[in-house]
Amino acid sequence: MKYLVTGGLGFIGSNLCRHLSRNKKNEIFVIDNLSYAGSKTSLPELKKRKNLTHLNCSILQKNKIKKILLDVKPDFLMHLAAETHVDRSIKGPRRFIETNILGTFNLLEASKELKQIKDNFLFLHVSTDEVFGDLGKSKKLFTEKTRYSPSSPYSASKASSDHLVRAWAKTFDLEYIITNCSNNYGQFQHPEKLIPTIIISAISNKNIPIYGNGLQKRDWLHVNDHVTALELIAKKGKRMETYLIGGGNHLTNLSIVKKICDILDKTKKIKKENSFSDLISFVQDRPGHDTSYAIDSSFLKKELMWSPNMSFDKGLEKTVNWYLDNEKWWKPLLK
Ligand code: NAD
């Protein structure tokens, strides 16, 4: 199978390419423009595995994108390239509008042409549960039927790109699937994101910043479980469907910080005098910060028999140990 993965040198993309390239029968082409969030060091397998090729290209370069799609003729376009950090989208939304909306538009336009010469081509659009907005105090979970109500420039740009995919599919007869996944964590996540920030702040003996009261809840999924879901959905998922992917770990930010501090307090890898939880520091909340997201993945579980393999506690311990052992990877990415 031929996969074209956009954003394949970012967090989820690199883990997806690593996973797919283990099967020597797969050929994987990675489109990534090496933005601040993408790095070849996230996919060292590029040097070792013959079935992995990086094409340095922005999804905003429409002619180049079209040429790549028509040359490669992938069976699956797995679209992950995006600007992804909510705080950056508040400070400077333009890039999010350009990359996430216009970039997706360029890929859809190129896909229209590819479809003329290739049957069974699938556009798999990787999106987020943030498009549904805030659950607030409601005990309801997001489902495939939940109304879109994005709160941040990031989630609004992703919601827009989801709409474009559905509209292009309907009007131009493209085969698509959209996935909306909850918060991912695991190896190779950029140091600016929540879990790496907590770990790196703690081991650098700096304050661990928590927005507001820290009681915002998110559903967490280990990235390895996300990428196995994406492969399964691409191969076996119903075309023209949406799948919600979640880990069933609905936790407050504060409880995650405390869990990480407990893991670090117990590890023998670093010297410490006091508990790492002494470093917790509450900072001004993010504007428009959603209080709760939670996912109902029962459609995916029932249809495709998928379920996450990694328990949150085990996954978190693995992740903390990975950051302790891989300073060489994350240090150069710090601002
Ligand atoms: P990331 O920021 O780690 O990686 C994004 C990648 O896209 C980087 O390698 C970057 O270089 C590349 N990129 C950015 N602009 C580009 C452009 N113009 N052309 C080509 N490449 C470009 O993001 P991530 O966390 O791996 O997320 C990947 C996708 O999954 C995104 O679409 C995101 O919305 C979605 N998603 C992420 C999460 C999560 O928790 N991280 C959850 C659900 C959905």
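The values are calculated or read from the model by the stated rules, or taken from the named source; none is laboratory data. In this text the structure is predicted, and so the values were computed from the model without any measurement. For neighbour counting, all protein chains shown are included, and Cβ atoms are generated from backbone atoms with ideal geometry for every residue, glycine included. Quick note on the areas: whole protein, heavy atoms, side chains included, nothing else; ligands and nucleic acids left out. Shrake-Rupley method; radii C 1.70, N 1.55, O 1.52, S 1.80 Å.
Quickly run through the stretch 37-48 and pick out the residues that are more than 6 Å from the ligand (Cβ to nearest atom) and in contact with a Leu (Cβ under 8 Å, 6 or more places away or on another chain). Give the steps one after another, and end with the answer.
Looking only at the stretch 37-48, we keep the residues that are more than 6 Å from the ligand (Cβ to nearest atom), and these are 39-48.
Ser39, Lys40, Ser42, Leu43, Glu45, Leu46, listed by residue number.
Hey, could you check the stretch 75-118 for residues that are open to solvent by 60 Å² or more (accessible area, probe 1.4 Å) and within 10 Å of the ligand (Cβ to nearest atom) and say which is farthest from Ile210 (Cα to Cα)?
Leu102
State all residues of the stretch 1-21 that are more than 11 Å from the ligand (Cβ to nearest atom) and either open to solvent by 10 Å² or more (accessible area, probe 1.4 Å) or free of Cβ contacts under 8 Å to residues at least 60 places away in the same chain (or both); if no residue qualifies, say none. Walk me through how you get there before you give the answer.
Let us first name the residues in the stretch 1-21 that are more than 11 Å from the ligand (Cβ to nearest atom), namely 1-4, 18-21.
Selection gives Met1, Lys2, Arg18, His19, Ser21.
Taking into account only those residues within the stretch 25-51 that are of a type in the set (Lys, Arg) and closer than 25 Å to Lys67 by Cα, which is surrounded by the most Cβ atoms within 10 Å (Cβ to Cβ)? Step through it out loud before you land on a result.
Just the residues of the stretch 25-51 that are of a type in the set (Lys, Arg), to begin with: 25, 40, 47-50.
Now drop any that are not closer than 25 Å to Lys67 by Cα, which leaves 25, 40, 47, 49-50.
On the way: Lys25: 6, Lys40: 15, Lys47: 8, Arg49: 17, Lys50: 8.
Once the filter is applied, the top-ranked residue is Arg49.
State which residue is farthest from the ligand (Cβ to nearest atom) when the search covers only the stretch 119-145 and only residues that are over 19 Å from Trp220 (Cα atoms) and open to solvent by 30 Å² or more (accessible area, probe 1.4 Å).
Only one residue fits best here, namely Asp119.
Just checking, which of Ala234, Ala159 is open to solvent by less than 20 Å² (accessible area, probe 1.4 Å), within 26 Å of Trp306 (Cβ to Cβ), within 13 Å of the ligand (Cβ to nearest atom) and at pLDDT 95 or above?
On the way: Ala234 fails: within 13 Å of the ligand (Cβ to nearest atom).
Answer to the check: Ala159.
Has the stretch 198-221 got at least one residue that is surrounded by 19 or more Cβ atoms within 10 Å (Cβ to Cβ) and of a type in the set (Phe, Trp, Tyr)?
The answer is yes; a qualifying residue exists.
Among the residues of the stretch 97-138, how many are without any contact (Cβ under 8 Å) to a residue 60 or more places away in the chain and of a type in the set (A, V, I, L, M)?
The total comes to 5.
Kindly list, by first and then second residue, each pair from a residue in the stretch 165-179 that is farther than 13 Å from Leu107 by Cβ to a residue that is among the acidic types (Asp, Glu), limited to pairs with Cβ atoms under 6 Å and residues at least 6 apart or on different chains.
Qualifying pairs under 6 Å: Ile177/Glu241; Ile178/Asp162.
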